[in-house]
Every structure is written in structure tokens, then in C-alpha cells.
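Enquirer: Here it is: the structure, laid out below.
The values are calculated or read from the model by the stated rules, or taken from the named source; none is laboratory data. Everything numeric here is computed off the predicted structure, so don't read it as measured data. Cβ: placed from backbone, ideal geometry, glycine included. Neighbour counts: every protein chain shown.
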Amino acid sequence: MLDISRDRVPTMETLYQLIDLLAEWKINQFQLYTEHTFAYRNHKTVWEKASPITGEQIMQLDAYCRERFIDLIPNQNSFGHMGRWLKHKQHNHLAEAPKGCNTVWGWMEPFSLCPEDPGSIKLISELLDELLPNFSAKMVNVGCDETVDLGEGRSKEICQQRGKGVVYLDFLLKIYEQAKKHGCTMQFWGDIILHHPELISRLPKDIIVLEWGYEANHPFAADGQKFKAAGVPYYVCPGTSTWNSVAGRTDNALANLRNAAENGLANGAIGYLITDWGDNGHWQQLPASLLGYAYGAGVSWNVQGNRDMNVQAVLDTHAFEDRAKVTGKILYDLGNAYKITGALIGNNSILHRLLLRPDIPLEDLKKQGLTLETLRKTQNYIKRATTELDRAAPSRFDGRLVRDEIRFMAALLSHACQLGIARFEAPDGKISSIPVDTRGKLADDLKNLIAEHQRLWLIRSRPGGLPDSTARLEILLKNYQAD
């Protein structure tokens, strides 16, 4: 499952190339995670700046997948993660909290549909009516994860009366009926129903729960046993660990993918879905994700035979066709830069956070384990990890591009280290306290990185989400340039 909603929508050529690779690796199902990036006829306001996938393009992809023994599965989030819809006047009235609200994540702009508003299921029905006929597979992923604002707005009273879990399940079952109307088996993310385990047995037995978790120690065993006991079919859904990281988190990814395979097999999971998200700008480049795709493909088919796979060699042979046999090791090592910092945070890399959150207090970074010494060690590690990049010889059609993408990821990580070092050396740890000449050098370096980010983006991806992705880096640039 590839995220095409935060913010990167691949070109058709990129998707065709990726499908060819997945087919070679025996991947037999492909999903494009969608929030607002399908070109629905009546909702141009939602997608007009996103370079969306059209119905005609989906049908072309569907045929291409079918010829390669892959089911292309429609994917449309349908409850939470609707912010790209609900921010518009046309749809804001359907929000659980039209003006936003406080949640366990802090203040949130409108995010989830209000399940008690008849217009909510009417909208989802309309979307599925238009989306599903473009696919030949009789299955659909309707999302429904992370409804963190449910019960904090318009449905607060009914949630207090009946219970938040029951209100959630009732709306989920309404979506289920819409999927059944099209003859489709419904998939949905299982995080919310796991908060209400007493309701699992009420799920239809022809539904598929997607049990997701992205850390090495995610409780795939305990969660899987709950679905097994209830007789509810489920997939295990680990991830590539690339999002919020720039270049991945190699060791976490391998352990997470292996954990899912071993415990999914032990507890009767009927599928294994590798997820590749794009949170906060989708700064990671495609080569970083291939490590997770390859290892996940191996352990999903044969966990005992592939748990100790030499993933570096596999990448050199089956992904990059690197005659020098160094590209796989470079990506593997670069993806472990997050560990050298000593600051291990869930679903994230501290280096990514340094770039994304210029306002984060230095004390908070220290509490997470970051030090001046570990930043310097990480910078040296990145340099060593990429020493042989010029010797890499990927003979694939995109070999030169792969080298440029790796070089960019390494440079962006190195910039994060430079920023962290400068903040540690500043009197109060704030960017504004970094000496003007140092800030100037950081600004010049970041301008070059932003330009390269834009250049690389437009080779594999459509232009629509690029301004949003770039804007996150431009916030840091403005901090460098502030008086």
C-alpha cells in the first residue's frame, strides 16, 4: 500500500515501473492510499491542486496489474483523515468538529466525519459509487482509522449515551453496507476497534480487519489473537519505516516486518500488507522504500526461509542490478543513521523532527537522548555510509536517478545534523541565537536542497503536492533568514 495523499502522487510511468517490480517479487495486491487524490466528478475543489488519479488512469492501472497477477484494490478513507475534504465550505458542515477541537493529539482542525449526520454516509456512498466501478477486484479498503476527534464535537452527547465504540461501529457498518452493495469485501484499519475489544465479535465475518503497527515491538501476537478468537479475518500490516525519517529506519523496519510475518502466521492472518506512508511531506525517496518492499515480500511468503535474508545483496541483484554491489549496503546503512543519534522516537526519526519542527525546544531534544556528541557521530556516519556512492553502478533504467536520490537523502540528513550542532552551540539553543554567518550558510545549503527536492520530485511524481511538501522545508528556511 502506497500513500498517494501526503503529498506525493506518482506519475503513471512510475506506477507502471513499480508494479513490474512488485510482480517480480510475487506481490499480489496493490493499493493506493487515497484521501483526496482521486478526481471525483462533483468534488473538484477537493482535488484540483493535487494532480489526482483519474478514473481512466485507474482502469489502465487495473488492467496492467491484472496482466501481472496483481489485484489493484480501491482505497478511500471514509471516516477519519478527511481533513482535506472538511476544510472546504462544501463539506465542512459534515465534520465532527467543523471549527476544530482538542483531542489526544492536541488541537485538531476538522478531521473526521460526524457519524450522526446523514450527509456523511451519503457522501461516502456517492464516492464509492463512482470509485469502485473503475476496479475489477471485488474488495475495498475504506480506512476508518485514527478517528481521534470522535465524540469531541457534534456526536459528543450520543457518544456519552451509547459509548464511543458503539457509535464508531454503527457508522462502520453503514459503510460496510455500501461496500456490500457493490459486491465488495470491505477492509478497514483495526486500531479503533481494538480500543473496544468487546465489540470485535460484532463485526461481520466477511470483513477484513487491517491490524497495523510500525514499531519493532508492535503487539501483532496479542492483537491477532483477539481477531482469531472472534473468528474475524485479518491482515497484518507492518510498514517500511520510511516516513518521518528522510532515508528510512532500517533495523526497525526489518524487525517490524519480521514480527508481523511470524505472528500473522502463528495467529491465522489471511494476508500481509506492507504499508508505505508519506506523512509530513513525503521527503523520502523511492529507493529507500525498496528495502521494506523486498524484505516484506520475502518474509510474507516464507518467513523461516527469508527471516535472515541478506537484504543488501537482494537489493543489488533484484532492485538496482548494481554490478558494483554497493547500492544495497549504502541504503541499508543510511537507513540506520537514526540510531546513531541515540534519540529513538516512535514512528519517527529525530533528524526528520529537527527539520520539520524548528520551534521544538532544545531541552525536549535533549530529553529524547540527543547530544552534541551523537550529532557529530551521526554526521560522520552519514559521510562514511555514502563513501562508495560514486562507485555504485545500478544498471537499471533509472540508475543515475537512484544515485541522485540517495545523495539527496544523505545531504538532507547531514543538514539536520548541522542544524542540531548549531543549536547545541547556540547560547539558548534557538535557531535565532545561531550566529548570523552560520545561519546564512545553513540557509544557502537548504536552498540548494529545496531546489534538488523539487527537481527529483518532478521526475517520479506529479506536481500537485510539491508546494505543500516544499512548504515544510521553507518554514525552516524562514527561521534561518529571520532577523
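Enquirer: Taking the stretch 33-80 on its own, how many of its residues are in a loop (DSSP other than H, G, I, E, B), of a type in the set (Ser, Thr, Tyr) and under 21 Å from the mean Cα position of the chain (by Cα)? Even if it seems obvious, please write down each step before you answer.
Expert: From the stretch 33-80, those in a loop (DSSP other than H, G, I, E, B) are 34-37, 39-43, 48-52, 54, 68-70, 74, 76-80; that's our starting set.
Filter again for of a type in the set (Ser, Thr, Tyr), leaving 34, 37, 40, 51, 54, 78.
In the following step, the residues that additionally are under 21 Å from the mean Cα position of the chain (by Cα) were identified as 34, 37, 51, 78.
Within the stretch 33-80, residues that are in a loop (DSSP other than H, G, I, E, B), of a type in the set (Ser, Thr, Tyr) and under 21 Å from the mean Cα position of the chain (by Cα) number 4.
Enquirer: Right, another one. What do you reckon, is residue 100 of a type in the set (Gly, Ala, Ser) and surrounded by fewer than 16 Cβ atoms within 10 Å (Cβ to Cβ)?
Expert: no
Enquirer: Restricting attention to the stretch 429-442, does a residue exist that is of a type outside the set (A, V, I, L, M), assigned to a helix (DSSP H, G or I) and crowded, with 20+ Cβ neighbours inside 10 Å?
Expert: The answer is yes, given that some residue of the stretch 429-442 is of a type outside the set (A, V, I, L, M), assigned to a helix (DSSP H, G or I) and crowded, with 20+ Cβ neighbours inside 10 Å.
Table: residues versus (1) charged (D, E, K, R); (2) closer than 21 Å to residue 248 by Cβ.
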site	(1), (2)
363	yes, no
370	no, yes
374	no, yes
377	yes, yes
386	no, yes
395	no, no
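Enquirer: Let me ask something else about it. Residue pairs, Cβ under 8 Å, 6 or more apart or interchain, first in the stretch 409-438 and outside the structural domain of residue 283 (by TED's automatic domain parsing), second crowded, with 20+ Cβ neighbours inside 10 Å and among the charged types (D, E, K, R). List them.
Expert: Sorted first by the residue in the stretch 409-438, then by its partner, the pairs are 422/439; 429/423; 430/423; 431/423; 431/439; 434/423.
Enquirer: While we're on this one: Tell me which residues, restricted to the stretch 443-470, are surrounded by 13 or more Cβ atoms within 10 Å (Cβ to Cβ), within 25 Å of the chain's Cα centre (by Cα) and either small (Gly, Ala, Ser) or not assigned by TED's automatic domain parsing to the domain that holds residue 369 (or both).
Expert: Once the filter is applied, which keeps residues that are surrounded by 13 or more Cβ atoms within 10 Å (Cβ to Cβ), within 25 Å of the chain's Cα centre (by Cα) and either small (Gly, Ala, Ser) or not assigned by TED's automatic domain parsing to the domain that holds residue 369 (or both), the stretch 443-470 yields 461, 464, 465, 469.
Enquirer: Something else now. Within the stretch 179-215, can you find the residues that are within 17 Å of residue 76 (Cα to Cα), buried (at least 23 other Cβ atoms within 10 Å of the Cβ) and more than 24 Å from the chain's Cα centre (by Cα)?
Expert: If the condition is that a residue be within 17 Å of residue 76 (Cα to Cα), buried (at least 23 other Cβ atoms within 10 Å of the Cβ) and more than 24 Å from the chain's Cα centre (by Cα), then 179 is the only one that fits.
Enquirer: Could I ask something else about it? Please specify each residue of the stretch 159-175 satisfying the condition of being surrounded by fewer than 16 Cβ atoms within 10 Å (Cβ to Cβ) and of a type in the set (Gly, Ala, Ser).
Expert: 163
Enquirer: Also, quick follow-up: So residue 334 passes all but one of these: (1) assigned by TED's automatic domain parsing to the domain that holds residue 242; (2) buried (at least 24 other Cβ atoms within 10 Å of the Cβ). Which condition number does it fail?
Expert: Only one criterion is unmet by residue 334, namely (1).
Enquirer: Filter the stretch 221-262 for residues that are under 17 Å from residue 1 (Cβ atoms), among the hydrophobic types (A, V, I, L, M, F, W, C) and outside any loop (DSSP other than H, G, I, E, B) and give the result.
Expert: 236, 237, 253, 257, 260, 261
Enquirer: Kindly indicate whether any position in the stretch 389-405 is under 28 Å from residue 2 (Cβ atoms), touching a Phe, Trp or Tyr at 6+ places or on another chain (Cβ under 6 Å), buried (at least 17 other Cβ atoms within 10 Å of the Cβ) and not aliphatic (A, V, I, L, M).
Expert: Yes, the stretch 389-405 contains at least one residue that is under 28 Å from residue 2 (Cβ atoms), touching a Phe, Trp or Tyr at 6+ places or on another chain (Cβ under 6 Å), buried (at least 17 other Cβ atoms within 10 Å of the Cβ) and not aliphatic (A, V, I, L, M).
Enquirer: Among the listed residues 221, 247, 230, identify the single one that is on the phi < 0 side of the Ramachandran plot, modelled with pLDDT of 95 or more and in contact with a Gly (Cβ under 7 Å, 6 or more places away or on another chain). Break it down into steps so the answer makes sense when it comes.
Expert: Numbers: 221 fails: in contact with a Gly (Cβ under 7 Å, 6 or more places away or on another chain); 230 fails: in contact with a Gly (Cβ under 7 Å, 6 or more places away or on another chain).
Exactly one of 221, 247, 230 is on the phi < 0 side of the Ramachandran plot, modelled with pLDDT of 95 or more and in contact with a Gly (Cβ under 7 Å, 6 or more places away or on another chain), namely 247.
Enquirer: Here is a follow-up. On the given criteria, is residue 131 touching a strand residue (DSSP E or B) at 6+ places or on another chain (Cβ under 7 Å), on the phi < 0 side of the Ramachandran plot and at pLDDT 95 or above?
Expert: yes
Enquirer: Going through 297, 319 one at a time, which residue ends up being within 27 Å of residue 394 (Cα to Cα), crowded, with 22+ Cβ neighbours inside 10 Å, assigned by TED's automatic domain parsing to the domain that holds residue 237 and touching a residue at least 40 places away in the same chain (Cβ under 8 Å)? Can you show your working first?
Expert: Working: 319 fails: assigned by TED's automatic domain parsing to the domain that holds residue 237.
Being within 27 Å of residue 394 (Cα to Cα), crowded, with 22+ Cβ neighbours inside 10 Å, assigned by TED's automatic domain parsing to the domain that holds residue 237 and touching a residue at least 40 places away in the same chain (Cβ under 8 Å) holds for just one of 297, 319, which is 297.
Enquirer: Out of curiosity, is residue 264 closer than 12 Å to residue 300 by Cα and touching an Asp or Glu at 6+ places or on another chain (Cβ under 9 Å)? I'd like the intermediate steps shown before the answer.
Expert: On the way: closer than 12 Å to residue 300 by Cα: yes; touching an Asp or Glu at 6+ places or on another chain (Cβ under 9 Å): yes.
It is true that residue 264 is closer than 12 Å to residue 300 by Cα and touching an Asp or Glu at 6+ places or on another chain (Cβ under 9 Å).
Enquirer: Same structure, new question: Which residue pairs have Cβ atoms under 7 Å apart, sit 6 or more places apart or on different chains, and have a first residue in the stretch 62-75 that is at pLDDT below 95 and a second that is not small (Gly, Ala, Ser)?
Expert: Matching pairs, first to second residue: none at all.
Enquirer: Another question, if that's okay. Tally the residues that are touching a helix residue (DSSP H, G or I) at 6+ places or on another chain (Cβ under 8 Å), among the polar types (S, T, N, Q) and in contact (Cβ under 8 Å) with a residue 40 or more places away in the chain, restricting the search to the stretch 88-126.
Expert: 3
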